[in-house]
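Reading through the structure tokens given below for one structure.
Read-outs: derived from the displayed coordinates by stated rules, not from any lab. What you see is a predicted model; the values in this text were computed from it and never measured. Positions of Cβ are backbone-derived with ideal geometry, glycine not excepted, and every protein chain shown enters the neighbour counts.
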Amino acid sequence: MYNYRLDGLPDYPFQRLAGLLAGIEPARGLEPIIMSIGEPQHSAPALLKETLTAHSDGWRKYPPTAGTNEYRGAVAAWCTSRFGLPNGFLDPDVNVLPLAGTREGLFMAAQLCIPPHKSGGVPTVLVPNPFYQVYIGAAVMNGAEPILVPATESTGFFPDYDGVPKPSLARAAMAYICTPANPQGTVADLVQLKTIIRLAREHDFVLVSDECYSEIYETSPPAGALQACAEIGEGLANVLVFNSLSKRSNVPGLRAGFVAGDADLIERFSKLRAHGGAAQPLPVMAAAAELWADEAHVDENRRLYRLKANDAESILRKRFGFYRPKGGFFLWLNVGDGEKSAQKIWKNAAVKVLPGAYLAHEAGPRNENPGAAYIRVALVHDRKRTSIALTRLAETLSAS
Ligand SMILES: Cc1ncc(COP(=O)(O)O)c(C=O)c1O
């Protein structure tokens with residue numbers, strides 16, 4: 001006996017990749033370089049170790065679901081300064097909840113937001129296609145119908161939820177957006193964010209804005225949904241924003257994030273998490289609060305990513321559909337056949353990349369997978385290894 005909804009999900013992308021590459025030996029004599037997973041390899045900030053040690057007493061305690069005043073305060077202060085929010089717009093006591101990383105919270109948001117029925121039918125969840133795979137899993141496991149909305153080159157790599165047919169919008173319980181987007185690196189502007197927020201309010205669904213790449217950008221900081229709410233001037237209704245330290249501070253193993261937004265939803269989220277969520281440990285929360293308050297390590301991080309984007313530009317030039325992502329650290333390369341290219345790149349260049357097909361679903365009138373032609377390449381290693389890998393990758397792809 002099990003929940004048969006699970007059968008509606010494909011295997012997770014990294015399992016699929018393991019299957020695709022099984023039995024293929026990477027080229028002899030070349031050190032394998034893994035660029036399939038978005039796991040930052042830059043150093044963790046030095047202050048992390050000190051603060052974790054200083055708060056080691058906290059390991060003996062069960063942490064409260066709602067977190068500490070210090071953590072929620074640090075998050076609210078960071079959001080206020082980063083997004084230019086009016087003072088008091090975000091109340092740390094009612095608008096912020098700590099999360100042990102955002103992945104689980106993004107998944108659990110669907111449990112929070114999807115009712116058994118909406119507008120007389122099965123609720124829908126609007127999902128960009130391609131997507132971060134957690135969104136689709138969350139929708140399917142909670143009995144909703146995912147509505148896959150193209151986020152392809154022809155839509156500027158951003159989903160047009162306004163164009164979703166009215167009956168599906170009426171049944172919408174929630175919508176996910178990702179900005180900067182994984183995998184395409186697109187950044188939504190304030191006009192786009194405000195349009196989606198207004199749509200969510202008009203049709204009474206929850207907008208889940210996944211902003212965990214917000215601090216990895218080229219020149220100007222990406223806008224965020226909190227900022228868009230402040231500009232609209234009608235509070236935070238129907239909006240939940242997710243962010244984490246994983247990418248900003250190179251600490252994916254710390255599991256430190258937050259959700260901020262609509263006070264009613266946050267209160268219910270806290271109740272739900274008290275029943276089944278993983279609370280953030282107290283020493284982690286103390287260290288994470290300090291990381292949210294420090295921008296120096298984030299500036300340095302951004303500088304390193306920028307240098308690697310420069311290198312990628314000069315190595316790949318205009319080949320393989322290269323463009324500089326506006327945010328995040330992925331290259332989204334159009335190579336014709338992502339699966340075949342991933343196999344070839346592993347075999348000949350000993351570089352592991354992810355086929356774009358594993359980050360998207362077949363959809364639309366022609367039932368096409370919008371990621372099929374792409375590979376996703378994570379620029380997470382140091383500059384030298386990244387350049388070596390990209391050079392090998394370019395040679396392999398040009399040789400075909
Ligand atoms: C788009 C997106 N959202 C959320 C996450 C989850 O990150 P974390 O759980 O480390 O905060 C990731 C991680 O790769 C991601 O790519």
Requested in this report: Note the direction-averaged projected area, equal to a quarter of the hull surface, for the Cα convex hull of the stretch 101-155, in nm².
Outcome: 4.2 nm²
Report summary line: Ranked from fewest to most other Cβ atoms within 10 Å of their own Cβ, Val164, Val208 fall in the order Val164, Val208
Report summary line: For the stretch 1-73, listing chymotrypsin sites (Phe, Trp or Tyr not before Pro) in a DSSP loop whose Cβ sees at most 10 other Cβ atoms within 10 Å gives Tyr2
Report summary line: In a Gaussian network model of the chain with springs linking alpha carbons closer than 10 Å, the residue among Gly101, Gly336, Gly23 that fluctuates most is Gly23
Report summary line: Here the stretch 361-369 yields Karplus 3J(HN,Hα) values (6.51, -1.76, 1.60; θ = phi - 60°; whole Hz; Gly and Pro given as x) of 10, 4, 6, x, x, 9, 6, 9, 8
Query - Mean residue ellipticity (222 nm) of the chain, computed from DSSP H runs ≥ 4 via -39,500 (n - 2.57), nearest 500 - result: -12000 deg cm²/dmol
Requested in this report: Under a 10 Å cutoff between Cα atoms, tell me which one of Ala256, Ala373, Ala296 has the largest fluctuation in the Gaussian network model of the chain.
Outcome: Ala296
Report task. Mind sorting Trp78, Trp332 by how few other Cβ atoms lie within 10 Å of their own Cβ, fewest first? Result -> Trp78, Trp332
Report summary line: Once the dipole of the chain is set up from charges on Cβ (+1 Lys and Arg, -1 Asp and Glu), the residue from the list Ala349, Val122, Val380 lying farthest towards its positive end is Ala349
Report task. Work out, step by step, the length gained on full extension between Ser56 and Asp299: first 0.36 nm times the residue separation, then minus their alpha carbon distance; give nm to one decimal. Result -> 84.7 nm
Report task. Extending each Cα 7 Å along its Cβ direction at Tyr12 and Asn367, get the distance between those two points in nm, one decimal. Result -> 2.9 nm
Query raised in the report: How large is ³J(HN,Hα), in whole Hz, for each residue of the stretch 115-125 in order, when computed from phi with the Karplus curve 6.51 cos²θ - 1.76 cosθ + 1.60 and θ = phi - 60°, using x for Gly and Pro?
Result: x, x, 9, 9, 6, x, x, 6, x, 10, 10
Query raised in the report: What percent do you get for the relative contact order of the stretch 62-294 when only Cα pairs under 8 Å and 6+ apart count?
Result: 27 percent
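Determine, for Asp93, Asp7, the number of other Cβ atoms within 10 Å of each Cβ, and report the residues in order from fewest to most. Write out the running numbers ahead of the final one.
Numbers: Asp93 12, Asp7 8.
In order of increasing Cβ crowding within 10 Å: Asp7, Asp93.
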**Report entry** Low-density loop positions, trypsin sites (Lys or Arg not before Pro), the stretch 1-94 - DSSP coil, at most 15 other Cβ in 10 Å
**Finding:** Arg28, Lys61
**Report entry** Max mean-square fluctuation residue, GNM over the chain, Cα-Cα springs under 10 Å, options Gly235, Gly105, Gly371
**Finding:** Gly235
**Report entry** Gain upon complete extension [Gln111, Lys166; 0.36 nm per residue less C-alpha separation]
**Finding:** 17.4 nm
Query - Residue-wise HN-Hα coupling along the stretch 154-162, computed from phi with Karplus coefficients 6.51, -1.76, 1.60 (Hz; x: Gly, Pro) - result: 6, 10, x, 6, 9, x, 9, 6, 4
